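Novice: Below: one structure in structure tokens.
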Amino acid sequence: MTTSLEHIPIPAEARDALLEDAVKRDLTTARRHSLFQILWRERYLNRGQLISRVDQILGKDCFGRKAWEDTFYRDIRAVKNAFQRSGFDLKYLRAGKNPGYYLEGQPILHEVLIRRLKGALNELDDQQCKIYGEIPPAQKFFQAISMIESGRRAQDIQKAKP
């Protein structure tokens, strides 16, 4: 028997604090949280792409080595339920130009990402692009490795924060 008090929403800050703690302590919650965040930002990702992205966040084989298909299926059902409770419908497109999971009625990228990409594109300078095109491949490779290492260091620092 439910009472009307059970339907009083808790403050978002408290809910977020509880979720953050659960994500740190429970791999299932962490996977589902990661899947939700990825699908909230991007659309038309298939199972392999989603697993790869979650593996990058939580570590290789976070879905398990043996029953990973069942684990993914259970996780995606929980994520779909979370979206439905929020008024969104998570669907899967099997054929067409963009197969994969998507939120019905939502653009391919979340509007925040679209704004960020537009801002980044506006900062591109044609002269800089021309100069970069003239750089030897070995130097481009060195720059790419440097960016990857910087990203990993930043990720390690972020993970080390309490």
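The values are calculated or read from the model by the stated rules, or taken from the named source; none is laboratory data. Values in this document were obtained by computation on a predicted structure and should not be read as measured data. Positions of Cβ are backbone-derived with ideal geometry, glycine not excepted, and every protein chain shown enters the neighbour counts.
Novice: Here are R15, R31: which of them is farther than 25 Å from L117 by Cα, assigned to a helix (DSSP H, G or I) and touching a Pro at 6+ places or on another chain (Cβ under 9 Å)?
Specialist: R15
Let's see how each residue does on (1) under 22 Å from L45 (Cβ atoms); (2) in the same structural domain as H33 (by TED's automatic domain parsing); (3) not charged (D, E, K, R):
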position: F83; (1), (2), (3): yes, yes, yes
position: Y92; (1), (2), (3): yes, yes, yes
position: G100; (1), (2), (3): yes, yes, yes
position: A138; (1), (2), (3): no, no, yes
position: E149; (1), (2), (3): no, no, no
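Novice: Pick out the one residue from A120, A95 that is within 21 Å of the chain's Cα centre (by Cα), surrounded by fewer than 10 Cβ atoms within 10 Å (Cβ to Cβ) and not aromatic (F, W, Y).
Specialist: After applying the criteria, what remains is A120.
Novice: Has region 13-28 got any residue that is at pLDDT 85 or above, out of contact with any Cys (no Cβ under 7 Å at 6 or more places or on another chain) and closer than 30 Å to R94 by Cα?
Specialist: Scanning region 13-28 turns up at least one residue that is at pLDDT 85 or above, out of contact with any Cys (no Cβ under 7 Å at 6 or more places or on another chain) and closer than 30 Å to R94 by Cα.
Novice: Filtering region 103-123 down to residues that are outside any helix (DSSP H, G or I) and modelled with pLDDT under 80, which residue is farthest from F83 (Cα to Cα)?
Specialist: Only one residue fits best here, namely E123.
Novice: Here's a follow-up. If I ask for residues that are under 8 Å from the mean Cα position of the chain (by Cα), modelled with pLDDT under 95 and of a type in the set (A, V, I, L, M), which ones from region 29-38 would you list?
Specialist: Across region 29-38, the qualifying residue is only I38.
Novice: Quick one: what pairs do we get from region 139-150, first residue surrounded by 10 or more Cβ atoms within 10 Å (Cβ to Cβ), second at pLDDT 85 or above, C-beta under 9 Å, 6+ apart or different chains?
Specialist: From residues that are surrounded by 10 or more Cβ atoms within 10 Å (Cβ to Cβ), the pairs are Q143/I135.
Novice: Those residues that are touching a residue at least 12 places away in the same chain (Cβ under 8 Å) and either touching a Cys at 6+ places or on another chain (Cβ under 8 Å) or not in a helix (DSSP H, G or I) (or both), I need them from region 34-80; list them, please.
Specialist: Those that are touching a residue at least 12 places away in the same chain (Cβ under 8 Å) and either touching a Cys at 6+ places or on another chain (Cβ under 8 Å) or not in a helix (DSSP H, G or I) (or both): E42, R43, Y44, L45, N46, V54, C62, F63.
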